[in-house]
Amino acid sequence: MEKQIRNSFLLFLTATIWGTAFVAQSVGMERVEPLTFNAVRCLIGGLFLLPCMALLNHLFPQRKQALASQLHYPSLRHSALFGGMICGLLFTLASNLQAYGVKYTTVGKAGFITSSYIVIVPLLGLFMKKKVRLRIWMAVAIAMSGLYLLCMGEQLTLALGDLLVFLSAILFSLHILAIDHFAARVDGVLLSCMQFMICGILTLIAAFLFENSDIEALLAAAFPLFYAGIMSCGVAYTLQIVGQKDMNPTVAALILSLESCISVIAGWIFLHEVLSTKEMIGCLLMFAAIVIAQLPQRKSVKESDGISKKYSSLSNME
């Protein structure tokens, strides 16, 4: 029981870091353009995970042996490289769309819209011949109603930032499916490190081509960059790995989904953002959809939407 409480706290801390990272991203992009911000924070996160891997190998010798055996066999090395490239590319597209979306919407709305991937994942699973329970369809309907109230103005228009963040949520859903596929074949921390480095390099190239950020701007945004890089990419991911050990995946997913609520609270505390009554109702509906989608199923029902339950295997970054 004590271990369950400790792990629950670690997962809650992970959700807190991810939720407050929306604030860091929003503040940082007041000084640095989105591509530059994303490139630097991913490179920081990837580099931070290198000593983390060494530390985990030292603390858990069996992990070191498993990693060595993975890299010894050509097929497993291929899986690691291919998995890192696929996850890195999807993460690059998703995180950069999200970065531009945060620039044109509020932190709270961005957090809640991003959380819609919990409902999108089982829908995408249909294309992989995964059955979807009636409860999931109910969650989709509720979530879409919440998104409507949250994003649509009085003139029934969808803000650019809301649309970009929603598109990033779809890409994050594909990223979750990729992680779900490769996580059983590749060490999780190694996979995360590779995707951060690939995202950082690709985004840095794009930043050189399309943006004009300078050293002074990077120095001015140093704290948000290091927070988003070290805390959100590095520390939070490590806490997630430790916290999920021996935890019910459904419980873990519910705790991690609090990221969206924390992003709203963080936006209110640090950025003085206020949501209207309609937007608050939209947030509540989306959170209700998230909870409904993650409720445990009866034992008599086959594990037909396992992918959505496993979403917490994602290396996040938000």
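The values are calculated or read from the model by the stated rules, or taken from the named source; none is laboratory data. Remember, it's a predicted structure, so these values are computed and weren't measured experimentally. Glycine gets a Cβ as well: all are built from the backbone with ideal geometry, and neighbour counts include every protein chain shown. Areas reflect the complete protein model, heavy atoms only, side chains present, ligands, DNA and RNA absent. Shrake-Rupley method; radii C 1.70, N 1.55, O 1.52, S 1.80 Å.
Where does each of Asp180, Asp214, Asp162, Asp187 land when they are ordered by accessible area, with a 1.4 Å probe and the largest first?
Values: Asp180 45, Asp214 80, Asp162 0, Asp187 25 Å².
If we order Asp180, Asp214, Asp162, Asp187 from most to least accessible, we get Asp214, Asp180, Asp187, Asp162.
Residue-wise, which Karplus ³J(HN,Hα) couplings in Hz belong to segment 188-201, taking 6.51 cos²θ - 1.76 cosθ + 1.60, θ = phi - 60°, and x for glycine or proline?
Once θ is set to phi - 60°, the couplings for segment 188-201 become x, 5, 4, 4, 5, 4, 5, 5, 5, 5, 5, 4, x, 5 Hz.
Separation between the Ile281 and Phe9 pseudo-spin-labels, each 7 Å from Cα along Cα→Cβ, expressed in nm?
4.0
Label-point separation (nm) for Ala222 and Tyr104, each offset 7 Å from Cα along Cα-to-Cβ?
3.3
When ranked by the protection proxy of mean other Cβ atoms within 10 Å per residue, highest first, what sequence do the peptides 37-47, 201-211 form?
Packing order, densest peptide first, comes out as 37-47, 201-211.
Normalised by the empirical 2.2 N^0.38 Å for globular proteins, what value does the Cα Rg of segment 170-224 take?
Rg over 2.2 N^0.38 Å, computed on Cα atoms: 1.51.
Once a ≥ b ≥ c are taken as the square roots of the eigenvalues of the Cα gyration tensor of segment 1-71, is the result rounded (a/c under 1.5), prolate (a/b larger than b/c) or oblate (a/b not larger than b/c)? Numbers along the way, then the final one.
Values: a/c = 4.05, a/b = 1.41, b/c = 2.86.
Taking the square roots of the gyration eigenvalues as a ≥ b ≥ c, segment 1-71 is oblate.
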